[in-house]
Each structure stands twice: as C-alpha cells, then as structure tokens.
Amino acid sequence: MRLIWIAVAVGLFALVGVWLLGERGRLMRRSTLAMVRLSGLRRFLNLATAHGYVYARFTYPYVLVGSQYIAPLLGRRGKQWLANHYHGKVLTTELAQELVTVREDIPLRDLEHVVPFPIARDLVLAGPPDIAVYECPCRRLRDEPCEPTQVCMVIGQPFVDFMIEHHPRSARRLNQQEAVQLLQEEHERGHIHTAWFKDASAGRFYAICNCCSCCCGGIEAMRDRGIPMIVSSGFVACVDESQCSGCQACAKGCPFGALAIGEGTSPPRLDWTKCVGCGACEALCPTGAISLVRDEAKGPPLDVRALIGEGSSGAE
C-alpha cells in the first residue's frame, strides 16, 4: 500500500515539473493559471493544487485508476482519508435546481453541519453561475453505460473554463435553463443528484453529478466498499401504502438498496439506515405513492434558500 502512495507522489511531482514548464510546450493556459491562483502558494507546495490539476486535466484515466485499482486496496484509515478529501452531498431535484439558478453572489460559511467533513466549510456561489456539462467519467468506463453520458455539471470559475479549454470534445457550456432541464430529465430517469466537494478544488463545491447505481463510482465505493463518500440529503423516503400498487419499481431502482421488495403486491420495506433521500424511488413510482420527507436525524439539507436565511439572521 505504501508503494502505491509513493508512486502517486512521484507521479505528481513529475507532473508539477511538466506543468511549470507549460502545457504541451506552450505557456500555461489561462484557466490553469486561474486554478493555481485560486489555491494559492501554500496549497501548491503541499501538492493539493497539483492533485487538482491532475484530476481535472486527466479526469478519465484518474477515475479509472482510482476506482478499479486504488479503492479496492484501501483499509479503514484509507477509506476515511478519501471521504475527507473527496465527497458528495445528495440533493433533491428542487435543491439541485436552486444551486444552478442563483441570481446573485452568495458566500456561505461554516458548513460542517451540512457536509460533515473537514474541507466542506465554505460554499461560494457566484450568480448567475457559469455552468458546463461534460461526459461522465464513470459512465464512460462502462461497456454499456447509461445514456446520455454527458451529465456531469461543473459549476463556477475557474473550473468551467478549465474543462472547456482542456476537454473541448466532451464538455460544453450550459445556460441556467438548460441546466435545470438536464436535472429534471435525469430525475425522471431515476438518477440522483450529488453536489461534490474536493480538497483540490480549494475545498469548494464545484460540481453536480447525476448518478446512476450501475455506473457511478461514488455509489459503488459507498455501497460495495464501505467508503463513506456520499452524505444524505436530509430527507428520507416515505411510502403511502394506500397508493402503492406493489409493482416494486422503487425497490429495483433504489441505488443504495434501501427498499426491500415485499411479498406479492405488498409495499416495499424501507431500511432507514441505507436511505440517503435521493428521490430516485419517488421518480420511478408510477402511482405517486412515494414522497421525500424531512428527517432531522439525517442532517440538514444543502438548501441555499435556508442557508441564506441563516446567514442573514446571524449578521443582524
């Protein structure tokens, strides 16, 4: 295990050298320079910035190596380290749409109670936000991926410009209306929205992924490998047995296996400990028997409107 981390560190140092000399023999691109400035010299010296560059510049091989070769080897401490440095917060469709339709600059602080990890302390939303969508690396790695594959949304600068400059064939810009439509379409497919934070992005919220259980590396890491990378939305599924037809579509489509198929046409049974309040079951239910309800025990949601209110009351 130690040899793997040494190899990773050596690779990062080598890439830093290439990086400082320029990209492909040219001076550093503007978006790359902006990422360096965002992180600052201190983070550059501890390789966080280099890590961010490697992740964003070589997204597809990075995800391949991380998910298939490194994640299976992690022990308990390694799993917690990964979760602390790279993690997502589940969003309902409505809350995800709020994040992409911000109209004014909103700085939010001290968000440990929303995303209880060390780096998720600040949320900087610039409105209206710059948005880009690019091909999901998790789906791209699969032989028969879910369609469409262009569903990962990068939010804010300098991340948007970086993806457009470095991945012109797989990334494109979106306006707010297009972003809202994409989120709604993914919800209707039974996929889940997650807001991602990463230390290499200066501890900021930087992306909304639209995840499916069969392709998503984050869901696989949490469900199959016990890596706590995804935090509950703050909601939980509630089944109205009087409206349930017993079709079991919700249980079959739950990304986390939180709904157990009932006998015959009986309603599914909810495992509260596994439910992250993603809303996939709600979207898949043909009779409207499932809804998401707020659950204080699941933690507070990433609700921009509520957080703005908290900040205003605290400032008075």
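Rounded to the nearest Hz, the phi-derived 3J(HN,Hα) couplings of region 158-175 under the Karplus curve 6.51 cos²θ - 1.76 cosθ + 1.60 (θ = phi - 60°) are x, 5, 4, 4, 4, 5, 5, 5, 9, 10, x, 7, 10, 10, 8, 7, 10, 8, where x marks glycine and proline.
Summarising the amide proton neighbourhood of Leu125: residues at separation of 5 or more, or on other chains, whose placed amide H is nearer than 5 Å comprise Ile106, Leu108. What the phi angles of region 29-37 give under the Karplus curve with 6.51, -1.76 and 1.60, with θ = phi - 60°, is a coupling list of 5, 4, 5, 5, 4, 5, 5, 5, 5 Hz, glycine and proline written as x.
Among rounded, prolate and oblate, which fits region 67-159 when a ≥ b ≥ c are the square roots of the eigenvalues of its C-alpha gyration tensor, a/c under 1.5 means rounded, and a/b larger than b/c means prolate? Working shown, then result.
Details: a/c = 2.41, a/b = 1.20, b/c = 2.01.
Oblate shape, in that a/c is at least 1.5 and b/c is the bigger or equal ratio.
Working from Cα pairs under 8 Å separated by at least six residues, relative contact order for region 235-298 is 46 percent. Computed 3J(HN,Hα) for region 243-257, one whole-Hz value per residue from the Karplus formula 6.51 cos²θ - 1.76 cosθ + 1.60 where θ = phi - 60°, is 9, 6, 8, x, 6, 6, 4, 5, 5, 5, x, 5, x, 10, x, glycine and proline marked x. So what's the gap between the Cα centers of region 105-162 and region 224-278, to the nearest angstrom? If you average the Cα positions of each part, the centres end up 25 Å apart.
Read-outs: derived from the displayed coordinates by stated rules, not from any lab. None of these values were measured; they are calculated from a predicted model.
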